[in-house]
Amino acid sequence: MHNTTQTAEETTQVAEKLRDMALVPSPTVNDGPLFAEVDMGADASAPTIRATVVQAATVFYDTPATLDKAERLLAEAASYGSQLVVFPEAFIGGYPRGSTFGVAIGNRSAKGREEFRKYHASAIDVPGPEVDRLAAMAGKYKVYLVIGVIERDGYTLYCTVLFFDSQGRFLGKHRKIMPTALERVIWGFGDGSTIPVFETPVGKIGAAICWENRMPLLRTAMYAKGVEIYCAPTADARDVWQASMTHIAVEGGCFVLSANQFCRRKDYPPPPDYVFSGTEEDLLPDSVVCAGGSVIISPMGTVLAGPNYEGEALISADLDPGEVARAKFDFDVVGHYSRPEVLSLTVKDHPMTPVSFTSASGKAETSQK
């Protein structure tokens, strides 16, 4: 894993890039590395919520080790006083960047099928023992936890976000409703039954995953549910992602917390077990394959912390809940700035089940993927 400890000169350069935000070296946690926390402080007397987005890589094909890493990072975030911690897309189970799974139109390879078998084995059941462990972590460190996982439902996989409260309770999940491009080969499609917004003491929390955030109707559904802390776990490290995050914060009048992995080639298995299609020959073990860009943005569009492209990091900011009302005074997209007599949205929020069974008693039973 990348060590973010820096020289004085490097720290000065990073500080300038991050607009005078402090770069705080983190303490040693167990035998793990030091992580940098990028911290935008606030008035200590204000009723703020400290939030952290985690920028770190999965231990690919090793879910137990990834859970151990998640706990180390969660413990470190809690040591900074974080009350809400957001992990990247597919942190548990892994984002299979660069892989084709041996797929071409009309053909699949034996190696690609084996790759899917290993990826399926790294996914988790929801509910299941890994979910229980994540819940216990949230309760142990007294934080609200939002984390990206690869969910296994039979032999179909979903890119999913799980939500936990600070008492160690599993609140629910959001399944990505539209995987992007080749993701559709390996992940199923979520439906309207898993687009939750949870009311909690730290605010109303919801999530959309990666390019779902570019879907105006999905965003509108979340705004209508009153989302105040909009979590955006992603795999997109491009500069243009920042524009999307700022737009959503201003459009929705909500805090946006975007978490992405920072990965090097060596964070994935070496070839031939794992191959970055089309680029493998150009990559060295230390080559960056996902540069992060995790960020926290206020409802007024102010960047509170990040974006960070330096390495694995904990990126934190203090959120003033009053900013939501101040922003919506200007623009409430599903309130005073809506025109329902002209434009309206209907959301089908029931599970879309492929098979229904009717028992002898007449009570319907369903099977859902």
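The values are calculated or read from the model by the stated rules, or taken from the named source; none is laboratory data. All values reported here derive from a predicted model rather than from experimental measurement. Methodologically, a virtual Cβ is constructed for each residue, glycine included, from the backbone with ideal geometry; neighbour enumeration extends over all protein chains shown. Only protein heavy atoms, including side chains, enter the accessible area calculation; ligands, DNA and RNA are left aside. Shrake-Rupley method; radii C 1.70, N 1.55, O 1.52, S 1.80 Å.
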Item to complete: Take the alpha-carbon centre of the stretch 264-335, take the same for the stretch 69-140, and report the distance between them in whole Å.
Response: 17
Fill in: Stretchable slack from residue 343 to residue 153, in nm (0.36 nm times residue separation minus alpha-carbon distance)
64.8 nm
Worksheet, complete the sentence: Quick calc: nm separation of the 7 Å Cα→Cβ label points for residue 331 and residue 358 -> 5.0
Worksheet item: How big is the C-alpha Rg of the chain next to the rule-of-thumb value 2.2 N^0.38 Å, as a ratio?
Response: 0.99
Worksheet item: How much of the accessible area of the chain, in percent, comes from carbon and sulfur atoms when a 1.4 Å probe is used?
Response: 55
Response to the item:
When the charge dipole of the chain is computed with +1 at the Cβ of Lys and Arg and -1 at the Cβ of Asp and Glu, the Cα pointing farthest to the positive end, of 289, 218, 73, is that of 218
Practice prompt. Distance between Cα centroids, the stretch 228-256 to the stretch 172-223: provide it in whole Å.
Written response: 13
Worksheet item: Among 164, 357, 60, which one shows the biggest mean-square fluctuation in a GNM of the chain, springs joining Cα atoms closer than 10 Å?
Response: 357
Practice prompt. With 26 Å as the limit, write out which pairs from 176/204; 140/348; 140/173; 118/348; 140/328 have Cα-Cα distances beyond it, or answer none.
Written response: 140/348; 118/348; 140/328
Worksheet entry | Rounded accessible area per residue of the stretch 283-362, 1.4 Å, Å² | 56
Discussion item. Please list, in order, the residues from the stretch 309-326 whose amide nitrogen is less than 18 Å from a point placed 7 Å along the Cα→Cβ vector of residue 300.
Written reply: 317-326
Worksheet item: Along the Cα-to-Cβ line of residue 182, 7 Å from the Cα, sits a label point; which residues in the stretch 249-276 have backbone N less than 11 Å from it?
Response: 275-276
Worksheet, complete the sentence: Probe 1.4 Å, heavy atoms of protein chains only: per residue, the accessible area of the stretch 36-149 in Å² is 37
Worksheet entry | Where 161, 334 fall by accessible area, highest first, once all protein chains stay in place (1.4 Å) | 334, 161
